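Comments concern the structure below.
The values are calculated or read from the model by the stated rules, or taken from the named source; none is laboratory data. Here the structure is a predicted model, which is why all the values come from computation and not from measurement. Here the Cβ positions follow ideal geometry from the backbone for every residue, glycine too, while neighbour counts run over all protein chains shown. Areas reflect the complete protein model, heavy atoms only, side chains present, ligands, DNA and RNA absent. Shrake-Rupley method; radii C 1.70, N 1.55, O 1.52, S 1.80 Å.
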Amino acid sequence: MDKAKWMQLFTGSEGYVERFIQMVYSHWVRSGDLVIDGGSADGCHTRPLSELVGPQGITLAVEPLYFIYKSRPWAKNYKSDNVIIEESALSNFVGESHFNCIKDTPGYSGLKKGYWPAGETVEDITVRVITLDELIKKHALNIGARNLSFIKLDLEGGEYDALRGGRDTLQRYKPLIIFEHAPKAAPINYGYLADAFFELGRELGYGVYDVWGDVHATSGDLDDTELPYLALVPDSESHVARYRKVIDTVGV
């Protein structure tokens, strides 16, 4: 993969990183699978995921601010018979919580303090909160025997807590997980140590990879100037080989 060329595309074209992630999971997800779009926002990944799993699959779209998105043109991204909308925030507990709602740019909203654009109006609202494990239990009848193959998490810093709330699910299904991660900002805002992702990954049988296909053992070689997405890849030889093959396939 030509990393320099990809970085030039990422920084020079709005939304290119989202398209790159879509290319990655389009080579991973199969018809009939179960997938989770955590922090689905305007549904830019919900629709392509629902098309990949097809009529026999299910996409669980988890979005606490769906009441905002459903009134906008983006709602069309959720309109599919195989999409189940869970209007909750993902974290490591079940209940309710305060939530920072950024109405003009809701994609910056989150359970904890974030880095939204200056001048934005922040409204403190209450949202339902669910864990990945409880999400699977709640929709068990719909899920049936489907294989959970992929999870995308874009939670404005809350990704680590969401993964902590999905231990049983991750150990049972071993899905590929691609998640947004600001290595310096997210641990500060959500109160965890910088290497926590790596420790959790080892505990659950995952390696932490960047989207270039390189594995990392600590947070020391990551910073907020890198592409803000990482992948948790099951540490079996077959999963690692498959992930690297996918990265090579979508590379330039």
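Along Cα→Cβ, 7 Å out, is where each label goes; now give me the distance between the ones at D104 and R72 in nm to one decimal.
1.3
At a probe radius of 1.4 Å, what is the per-residue accessible area of D124, in Å² to the nearest 10?
Surface open to solvent at D124 totals about 100 Å².
Can you work out the accessible area per residue across the chain, with the rest of the protein chains kept in place, probe 1.4 Å, in square angstrom?
Per residue, the chain has 46 Å² of solvent-accessible surface.
Over the chain, with every protein chain in place, what whole percent of the accessible area is carbon and sulfur at 1.4 Å, could you tell me?
For the chain, the apolar C and S fraction of the accessible surface comes to 49 percent.
Under unit Cβ charges (Lys, Arg +1; Asp, Glu -1), what dipole magnitude, rounded to 20 debye, does the chain have relative to its Cα centre?
760
Which length gain, in nm to one decimal place, applies between D168 and R128 when the Cα-Cα distance is subtracted from 0.36 nm times their residue separation?
12.3 nm
Hey, with R₀ at 35 Å, roughly what FRET efficiency would T218 and A118 work out to, going by the Cβ-Cβ distance, to 0.05?
On the way: r = 33 Å, r/R0 = 0.94.
That pair, T218 with A118, gives E of 0.60.
With a point put 7 Å past each Cα toward its Cβ, work out how far E237 is from N142 in nm, to one decimal.
3.9
Measure up K70/K138; K76/K245; K70/K245; K103/K152 against 28 Å on the Cα-Cα distance and list the ones that go over.
Details: K70/K138 22 Å; K76/K245 33 Å; K70/K245 37 Å; K103/K152 23 Å.
Pairs exceeding 28 Å: K76/K245; K70/K245.
Please give, to one decimal in nm, the separation of the simple spin-label points placed at Q56 and V250, each 7 Å out from Cα toward the Cβ.
Between Q56 and V250, the simple spin-label model gives 2.4 nm.
Considering the chain as a Gaussian network with a 10 Å cut-off on Cα pairs, which listed residue, E156, E203, E180, attains the greatest mean-square fluctuation?
Highest fluctuation among the options: E203.
Between R202, R167, R72, find the one with the highest GNM mean-square fluctuation for the chain; connect C-alpha pairs within less than 10 Å.
Judging by the Gaussian network model, the answer is R72.
Pick out, from P106, T131, L52, the residue whose Cα sits farthest towards the positive end of the charge dipole of the chain, with +1 on the Cβ of Lys and Arg and -1 on the Cβ of Asp and Glu.
Among P106, T131, L52, the one farthest towards the positive end of the dipole of the chain is L52.
Choose one answer from D42, D195, D154: the residue with the largest mean-square fluctuation in a GNM of the chain with alpha-carbon springs under 10 Å.
D195
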